[in-house]
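Chemist: What follows is a single structure, and I will ask about it in a moment.
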Amino acid sequence: MRSGNPSLKNESFTKHSGAVAGRPMTIQGTVNRTLILLLLLLATFVFSWNLFLSNPESALLLMLVGAIGGLIVALITIFVPKVSPFTAPLYALLEGLFVGAISAQYEVQYGGIVFQAVLLTIGVLLSLLLAYKSGFIKVTQNFRLGIVAATGGIFLVYLISFIGGFFGFEIPHLHEATPLGIAISVVIVIIAALNLVLDFDFIENAANKGVPKYYEWYGAFGLLVTLIWLYLEILRLLSKLRSR
């Protein structure tokens, strides 16, 4: 049982399998907690969005706080899942600050792009959930390994691009609106979307194993990580298309 999402680790679930006292994790509980996290993210998203439109400098500062704070909280959650009932909501609030300001920047440049990105993200989520539950997409071991490898490759490319930015080095086409650059973004969006399938399968298997109740927050946190990544990649792809 694997997931391309680094926040959903096989070891975290299996070491608790069959050793739960009290109420175990359920799929419905994870869904409920995912909705709570999305509402929290939306609250700070709207705040950061409005702040950017009235005071861009302050919004950019909050965006930085959200990005760095969200990364720190995410790492804590990944390595100490037991604290996820506290850290997952905090992560959602911090990421809302980051995503809200980023989205406002795109919206100012490309009017209507955020609404399109949100609709596409929701559409991809629901479509893949339906495909997974209907058995149209089979999560085999090779499927898992392929998505995990592709996700790791994307992370490595982004890391090289980030570090290279400090030295004037840029990966060709990665951030450009060229046909190849658009094709790269399409591939990344597909990989991000397929991570949702792995997350669905991972959470379902974890619930069947009867892991502790707090893993509902942990599973919801993992889904939120993937959804934010997918939304940002769709936003990037749409901006490339609009700029042409």
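Chemist: Tell me, what HN-Hα J-couplings in whole Hz come from the Karplus equation 6.51 cos²θ - 1.76 cosθ + 1.60 at θ = phi - 60° for each residue of the stretch 188-205, using x for Gly and Pro?
Modeler: Using θ = phi - 60°, the values come out as 5, 4, 5, 5, 4, 5, 5, 5, 4, 4, 5, 5, 4, 5, 5, 5, 4, 5 Hz.
Chemist: In nm, to one decimal, how far is the modelled label at Phe155 from the one at Leu174, with both set 7 Å along Cα→Cβ?
Modeler: 1.5
Chemist: Kindly write out, for the stretch 214-227 in residue order, the coupling ³J(HN,Hα) from the Karplus curve 6.51 cos²θ - 1.76 cosθ + 1.60 (θ = phi - 60°), rounded to whole Hz, with x marking Gly and Pro.
Modeler: The phi angles translate into 5, 6, 5, 5, 5, x, 5, 4, x, 5, 5, 4, 5, 5 Hz.
Chemist: Another one. Could you point to the residue in Gly164, Pro56, Leu227 farthest towards the positive end of the stretch 24-243's charge dipole, with +1 and -1 charges on the Cβ of Lys/Arg and Asp/Glu respectively?
Modeler: Leu227
Chemist: Still on this structure: Pull up all non-local amide H partners of Glu176: gap of 5 or more, or a different chain, and H-to-H distance under 5 Å with H placed in the peptide plane.
Modeler: Amide H to amide H, under 5 Å and 5 or more residues apart or across chains, Glu176 pairs with nothing.
Chemist: Can you show me the helix-derived [θ] at 222 nm for the chain, built from DSSP H runs with n ≥ 4 at -39,500 (n - 2.57) apiece and divided by the number of residues, rounded to the nearest 500.
Modeler: Values: 8 runs with 189 residues, N = 244.
Helix contribution divided over all residues of the chain: -27500 deg cm²/dmol.
Chemist: What aspartates and glutamates does Lys82 reach when the alpha-carbon gap must be under 13 Å and sequence neighbours fewer than 8 apart in one chain are set aside?
Modeler: Correct list for Lys82: Glu216.
Chemist: Given the options Ile72, Ile188, Ile113, state which has the largest fluctuation in a GNM of the chain using a 10 Å cut-off (strictly under) for Cα springs.
Modeler: In the Gaussian network model the winner is Ile72.
Chemist: Any idea of Arg236's accessible area? Nearest 10 Å², probe 1.4 Å.
Modeler: Number for this one is 60 Å².
Chemist: A further question on this structure: With springs connecting C-alpha atoms under 10 Å apart, model the chain as a Gaussian network and identify which of Pro85, Pro179, Pro212 has the largest mean-square fluctuation.
Modeler: Pro179
Chemist: Apply the Karplus parameterisation 6.51 cos²θ - 1.76 cosθ + 1.60, with θ equal to phi minus 60°, to every residue of the stretch 163-170 and state each ³J(HN,Hα) to the nearest whole Hz, in sequence, with x for glycine and proline.
Modeler: Along the stretch 163-170, the couplings run 5, x, x, 6, 10, x, 9, 10 Hz.
Chemist: I need to check one value: relative contact order of the stretch 24-243, counting alpha carbon pairs closer than 8 Å and at least 6 residues apart, in percent. It would help to have the intermediate numbers written out before the result.
Modeler: Details: 243 pairs, mean separation 76.1, N = 220.
In percent, rounded to a whole number, it is 35.
Chemist: Among Lys213, Lys133, Lys82, which one shows the biggest mean-square fluctuation in a GNM of the chain, springs joining Cα atoms closer than 10 Å?
Modeler: Checking each option, the largest mean-square fluctuation is seen for Lys133.
Chemist: What aspartates and glutamates does Lys133 reach when the alpha-carbon gap must be under 18 Å and sequence neighbours fewer than 8 apart in one chain are set aside?
Modeler: Asp199, Asp201, Glu204
Chemist: Search the structure for amide H atoms under 5 Å from the amide H of Lys213, placed 1.01 Å from N in the peptide plane, and list their residues when 5 or more places away or on another chain.
Modeler: Met25
Chemist: If you place +1 on the Cβ of every Lys and Arg, -1 on the Cβ of every Asp and Glu, and leave all else neutral, what size is the dipole of the chain about its Cα centre, to the nearest 20 Debye?
Modeler: Details: 15 positive and 11 negative charges, 131 e Å.
Roughly 640 debye, rounded to the nearest 20.
The values are calculated or read from the model by the stated rules, or taken from the named source; none is laboratory data. Remember, predicted model here, so these are calculated numbers, not experimental data. We place every Cβ from the backbone using ideal geometry, glycine too, and count neighbours over all the protein chains shown. Accessible surface areas use protein heavy atoms only, side chains included; no ligands, DNA or RNA. Shrake-Rupley method; radii C 1.70, N 1.55, O 1.52, S 1.80 Å.
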